[in-house]
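K.L.:
My questions all concern the structure below.
Just so it is clear, none of the values below were taken in a lab; they were calculated from the coordinates. In this text the structure is predicted, and so the values were computed from the model without any measurement. Please note: Cβ atoms are built from the backbone with ideal geometry, for glycine as well, and neighbour counts cover all protein chains shown.
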Amino acid sequence: MLRVAVIGVGHLGQHHARILAAAPDVTLVGVVDTQPGRADEIGSKYGVSGYTDVSHLYGRVDAVTVAVPTVAHVDVALPFIERGVAVLVEKPIAGTVAEADRLIAAAAARDVVLAAGHTERFNPAVVAALPLVDRPRFVEVHRLGTFPERSLDIDVIFDLMIHDIDLLLAAVNSEVTSIEAVGVNVLTPKTDIANVRLRFASGCIANLTASRISRERVRKARFFQTDSYVSIDYATQEVEVYRLLRSESMAAARPIIQGGKLDVAQQEPLAAELSDFVAAVRDRRAPAVSGQAARDALAVAERVAEEIQSAV
């Protein structure tokens, strides 16, 4: 049985605890939260101890998941990595690229798994769609949400848009060569809505909009590529694919378009993410979303934030 603990059981971390408590071949050792009473509340739901200090877990776990505020990611994760404990850190993996590099270097030195919580990569719609994305020329992404009560310590780029930056880096598989961006702080001192145009070395252009001040929730991505179109609805876990059929005999005829919705098996992305992390630790393999992949997404997000600041 893999001994696992959850550090930070707020809005997201409580679901880490729920899933890991029910996972086969996993023992949930305990949960940690600095908010008085919170760890005991969540721990009691799943029959485990609650702590306010992570030091209670040293020497008692094989792996931990970290879902604390971003500013504390390195301080919480690094001591576990240095003790040879596998760590999954929620996105963004760290507050800065330099901090992400510290985590990656420590994990490499101790040969332990370092995974990142880019949950959207485990969305079954994304899993079904990515193999169909082939040298896209234009990508349009909208990730709009209502005003949250959490993650206000970071702006919308690092809270929401980073999901799509990570996905684009995986799908396009090309270096970002230029960035144009605009952002507005509406309800907080941080950027609450941003629009970004990324140009890749492959020639692909991606237009991303992220907002946490919208009246409705929208989470969609559309990939336009030669002779085909792939559409992902993250929220409903639906994928639509359309292809243009060509042949020499059809050269002068009207083009034929075929496609429609794919069959996608519904699944909770967070459950798939945690299952992959546990399997990576047990099998001593790389996780589906590595610390390096999360670092690359963070690096682009930092460039977006710098572009927005330079325009102010």
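K.L.:
For the range 4-131, what relative contact order do you get, as a whole percent, if you take Cα pairs closer than 8 Å and at least 6 residues apart?
P.N.:
Value for the range 4-131: 20 percent.
K.L.:
Next question. Under Stokes-Einstein, with the Kirkwood radius over Cα pairs standing in for Rh, what whole-number D in µm²/s applies to the range 66-142 at 20 °C and 1.002 mPa s?
P.N.:
Roughly 152 µm²/s, to the nearest whole number.
K.L.:
How big is D for the range 1-119, in µm² s⁻¹ as a whole number, if Stokes-Einstein is applied with the Kirkwood radius of its Cα pairs at 10 °C and 1.306 mPa s?
P.N.:
For the chosen part, D equals 114 µm²/s.
K.L.:
Ratio of the range 48-183's C-alpha Rg to 2.2 N^0.38 Å, to two decimals?
P.N.:
1.20
K.L.:
Per the helix-only calculation at 222 nm, which mean residue ellipticity applies to the chain, given -39500 (n - 2.57) for every DSSP H run of n ≥ 4 and division by its residues, nearest 500 deg cm²/dmol?
P.N.:
Estimated from H runs of four or more residues: -9500 deg cm²/dmol.
K.L.:
Please compute the Cα-Cα pair-distance distribution of the range 200-244 with 10 Å bins starting at 0, giving whole percents from short to long.
P.N.:
The distribution over the range 200-244 is 21, 43, 29, 6, given as percents.
K.L.:
Please express the shape of the range 117-263 as an equivalent ellipsoid: the semi-axes are the square roots of 5 times the eigenvalues of the C-alpha gyration tensor, given largest first in whole angstrom.
P.N.:
Square roots of five times the eigenvalues give 31, 17, 13 Å.
K.L.:
Continuing with the same structure: With θ set to phi - 60°, apply the Karplus curve 6.51 cos²θ - 1.76 cosθ + 1.60 along the range 177-189 and write out the HN-Hα couplings as whole Hz, x wherever there is a Gly or Pro.
P.N.:
9, 8, 9, 10, 8, 9, x, 9, 9, 9, 10, 9, x
K.L.:
For each of Met1, Met161, count neighbouring Cβ atoms within 10 Å of the residue's Cβ, then give the residues from fewest to most.
P.N.:
If I rank by nearby Cβ atoms, fewest first, I get Met1, Met161.
K.L.:
On to the next question. Suppose each label sits 7 Å from its Cα in the direction of the beta carbon; what would the Ala265-Arg110 distance come out to in nanometres?
P.N.:
3.5 nm
K.L.:
What list do you get for Glu240, Glu180 if you sort them by fewest beta carbons within 10 Å?
P.N.:
Fewest-to-most Cβ neighbours within 10 Å comes out as Glu180, Glu240.
K.L.:
If you don't mind, another one. Would you kindly derive the ³J(HN,Hα) couplings of the range 17-32 from the backbone phi angles with the Karplus curve 6.51 cos²θ - 1.76 cosθ + 1.60 (θ = phi - 60°), listing them in order in whole Hz, with x for Gly and Pro?
P.N.:
Working through the residues one at a time gives 4, 4, 6, 5, 5, 9, 6, x, 6, 10, 10, 6, 6, x, 10, 10 Hz.
K.L.:
Also: Using only the alpha carbons of the chain, determine the length spanned along each of the three principal axes and report them from longest to shortest in whole angstroms.
P.N.:
That gives 73, 46, 40 Å along the principal axes, largest extent first.
K.L.:
Let me ask something else about it. For a footprinting-style exposure proxy, rank Asp192, Asp25 by other Cβ within 10 Å, fewest first.
P.N.:
Asp25, Asp192
K.L.:
Additional query: Using a Gaussian network model of the chain with C-alpha springs under 10 Å, which one of Arg137, Arg18, Arg285 is most mobile by mean-square fluctuation?
P.N.:
Looking only at Arg137, Arg18, Arg285, the biggest GNM fluctuation is shown by Arg285.
K.L.:
Given the alpha-carbon gyration tensor of the range 116-193, what are the semi-axes of its equivalent ellipsoid in whole angstrom, ordered largest first, with each equal to the square root of 5 times an eigenvalue?
P.N.:
25, 16, 10
K.L.:
FRET efficiency for Asp101 and Leu244, Cβ-Cβ distance as r, R0 = 35 Å, nearest 0.05?
P.N.:
About 0.20, to the nearest 0.05.
K.L.:
Scattering from the C-alpha atoms of the range 233-312 alone, worked out with Debye: what is log10 I(q)/I(0) at q = 0.21, 0.27 1/Å?
P.N.:
With one equal scatterer per Cα and no solvent, log10 I(q)/I(0) is -1.00, -1.16.
K.L.:
Please list the radius of gyration and Dmax for the range 52-102, considering alpha-carbon atoms only, with Å as the unit.
P.N.:
Cα only, the range 52-102: 10.5, 30 Å (Rg, Dmax).
K.L.:
So what is the relative contact order for the chain, in percent, with contacts set as C-alpha pairs under 8 Å and at least six apart?
P.N.:
18 percent
K.L.:
While we're here: Based on the alpha carbon coordinates of the range 178-312, what radius of gyration and maximum Cα-Cα distance (Dmax) apply, in Å?
P.N.:
Cα-based Rg and Dmax for the range 178-312 come out at 19.7, 61 Å.
K.L.:
Oh, and also: Using the alpha carbon gyration tensor of the range 1-70, what are the three equivalent-ellipsoid semi-axes (square root of 5 times each eigenvalue), largest first, in whole Å?
P.N.:
16, 13, 11
K.L.:
Moving on to the next point. Along the range 279-293, what does the Karplus equation 6.51 cos²θ - 1.76 cosθ + 1.60 (θ = phi - 60°) give for ³J(HN,Hα), rounded to whole Hz, x for Gly and Pro?
P.N.:
Using θ = phi - 60°, the values come out as 5, 5, 5, 5, 8, 6, 10, 6, x, 4, 10, 7, x, 5, 4 Hz.
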